[in-house]
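Let me begin by presenting the structure, written as structure tokens, before commenting on it.
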Amino acid sequence: MAAEHKIDALGQFELHPVFGELGRALHFSNSNLLMVIASALILLLLYVGMSKRAIVPGRLQAAAELLYDFIYNMAHDQIGHEGRRFFPLVFTLFTFILFGNYLGLVPGSFTYTSHIAVTAALALLVFFVGLLTALKVQGVKFFAHFMPEGAPVALAPLLVPIEILSFLSRPVSLSVRLFANMMAGHVMFEMFAAFTIMLGGLHLIGPVLGIGPVVVNMALMALELLVGGLQAYVFAILTCIYLREAVAH
Amino acid sequence: MTRSVLRRLPSRILSASGALLALGAPRAFAAGMPQLDFGNPLTKWQVVWGAVIFAALYLLLSRSALPKVAFVLAERRGRIEADLDAAKLMRDQADAAIDALRRARHDAAAEANAIVDKVVAEARAQAATRNAEMNARLEAQIDAAERDVAESRARALASLPAVASDTAAALVERLLGHPVEQARLSSAVDAVLADRRAA
């Protein structure tokens, strides 16, 4: 690649089957393997962390309890008393995305949250859970939300389509935000890493200049750690906000 | 199904997928964004498998792992509340014990004061009766002494004329050289004594 002076920034997002023939037959890709690893780590954190059931928690138990309390308070504060019902969903979404983002930062692994199909599926799950809950809780009154209260009736033909459009665009923004953030970060990694390799072949001064992109990548890694946590948080808190609107009377 | 899908793919994607499928083969350049390569069956299947994995994770978390954490947290909250209640109970007991002690000390002090007062009063009464007795006895003795003195005086006064007449007889005998008649002497002395007494 370096010799041809081309940067393959998108190759890292390619899906390929794992576990040889069996994986190929089951269409089980590297993306799914990372999902399994992330799920196993989440469950391991909770099961191993809470195995002692200590009154005074150790490090792992404190981490598990901190994660639990963090999401529980978020769900409870945002959705209200009804939040308890949706807490497992919010917890699953947050940890699934967080672990996906962070596992993707391990060199050589795969970031399943950088695939629009995955983030769109998660966003549609949130969208339909919110929609069904709203229809169940509010019934026909739910459709009244598309006409803002106190607005002049004459503006209805303008306002109602806008409100419907903004409601329908929620899963789009939710999925694209996560997907674009994760993809952009990983493309940047690949670009700067490729710069280093390209500079390495540049006469004598090249290997010295090549340190520059490595330093940039180190800074990017810090940024990506922030972005990975932030995007998981944003996804979870928006889920809570949508569900609060759904359960509100 | 896979084959029919693959047959319809543009040749560039076909070659890329083919290169990927061959284990150990060098990675081909991605043609466009692999995320939007819906010709690759893995793009759709990762969502199917993802749904299965997510559902399994959700079920395990909501049915088993999260209730376990909730149980430990609730247990801790209960334990802390029970400890606080026990501590409060103990403090109440200690307060009650201190009150009882204070009351007992107060009662004991009052009782001691009463006993001291009683003893002092008794002692005072005893002293008073003893004083009275002593006074009475002393007065009796004084009376007796006074009576003795009066008696002695009377006796002395009674014997005075005899002594006077004897002395006078002796003086007269010495002066005259011979004894005088007893009767005359006695009357003369008595007369002088009577004069004295009258004076």
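I need the full set of residues from segment A:95-104 which are more than 11 Å from chain B (Cβ to nearest Cβ) and assigned to a helix (DSSP H, G or I), in order please.
Scanning segment A:95-104 gives A:LEU98, A:ASN101, A:TYR102, A:LEU103.
Pairs linking a residue in segment A:92-112 that is of a type in the set (A, V, I, L, M, F, W, C) to a residue that is in a loop (DSSP other than H, G, I, E, B), with Cβ atoms under 9 Å and 6 or more positions apart or on different chains, are A:LEU103/A:SER109; A:LEU103/A:PHE110; A:LEU103/A:THR111; A:LEU105/A:THR111; A:PHE110/A:LEU15; A:PHE110/A:GLY104. Filtering segment A:33-47 to residues that are within 9 Å of chain B (Cβ to nearest Cβ) and touching a residue at least 24 places away in the same chain (Cβ under 8 Å) leaves A:MET35, A:ALA38, A:SER39, A:ILE42. The set of residues in segment A:44-66 being open to solvent by less than 70 Å² (accessible area, probe 1.4 Å), within 21 Å of the chain's Cα centre (by Cα) and more than 16 Å from B:SER64 (Cα to Cα) consists of A:ALA63 alone. Within segment A:57-85, being out of contact with any Lys or Arg (no Cβ under 9 Å at 6 or more places or on another chain) and either among the β-branched types (Val, Ile, Thr) or part of a loop (DSSP other than H, G, I, E, B) (or both) holds for one residue alone: A:ILE71. Of the residues making up segment A:48-57, one or more are without any contact (Cβ under 8 Å) to a residue 40 or more places away in the chain and under 26 Å from A:TYR112 (Cα atoms).
Confirm whether A:SER29 is within 28 Å of A:GLU14 (Cα to Cα), within 11 Å of chain B (Cβ to nearest Cβ) and over 17 Å from the mean Cα position of the chain (by Cα).
So A:SER29 fits the description; yes.
Could you grab me the full set of residues in segment A:74-110 that are more than 12 Å from A:GLY229 (Cα to Cα) and β-branched (Val, Ile, Thr)? Selection gives A:ILE79, A:VAL90, A:THR92, A:VAL106. Might you check whether a residue that is among the hydrophobic types (A, V, I, L, M, F, W, C), at pLDDT 80 or above and exposed (fewer than 10 other Cβ atoms within 10 Å of the Cβ) occurs anywhere in segment B:136-156? No, because not a single residue in segment B:136-156 is among the hydrophobic types (A, V, I, L, M, F, W, C), at pLDDT 80 or above and exposed (fewer than 10 other Cβ atoms within 10 Å of the Cβ).
This table checks each residue for (1) among the hydrophobic types (A, V, I, L, M, F, W, C); (2) out of contact with any strand residue (DSSP E or B) (no Cβ under 7 Å at 6 or more places or on another chain); (3) buried (at least 16 other Cβ atoms within 10 Å of the Cβ); (4) at pLDDT 90 or above.
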| residue | (1), (2), (3), (4) |
| --- | --- |
| A:HIS186 | no, yes, yes, yes |
| A:LEU199 | yes, yes, yes, no |
| A:ASN217 | no, yes, yes, yes |
| A:ALA222 | yes, yes, no, yes |
| A:LEU225 | yes, yes, no, yes |
| A:ALA236 | yes, yes, yes, yes |
| A:HIS249 | no, yes, no, no |
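Got at least one residue in segment B:71-87 being within 7 Å of chain A (Cβ to nearest Cβ), open to solvent by 60 Å² or more (accessible area, probe 1.4 Å) and closer than 30 Å to A:LEU33 by Cα? For segment B:71-87, residues within 7 Å of chain A (Cβ to nearest Cβ), open to solvent by 60 Å² or more (accessible area, probe 1.4 Å) and closer than 30 Å to A:LEU33 by Cα: absent.
Taking A:VAL90, is it closer than 28 Å to A:ALA180 by Cα and open to solvent by 30 Å² or more (accessible area, probe 1.4 Å)? Here the answer is no, as A:VAL90 does not meet what is asked.
When the test is whether a residue is at pLDDT 90 or above, out of contact with any strand residue (DSSP E or B) (no Cβ under 9 Å at 6 or more places or on another chain) and open to solvent by less than 30 Å² (accessible area, probe 1.4 Å), A:VAL176 does not pass it.
The values are calculated or read from the model by the stated rules, or taken from the named source; none is laboratory data. Quick caveat: nothing in here was measured; it's all calculated off a predicted structure. Methodologically, a virtual Cβ is constructed for each residue, glycine included, from the backbone with ideal geometry; neighbour enumeration extends over all protein chains shown. Surface areas here come from the heavy atoms of the whole protein model, side chains and all, with no ligands, DNA or RNA. Shrake-Rupley method; radii C 1.70, N 1.55, O 1.52, S 1.80 Å.
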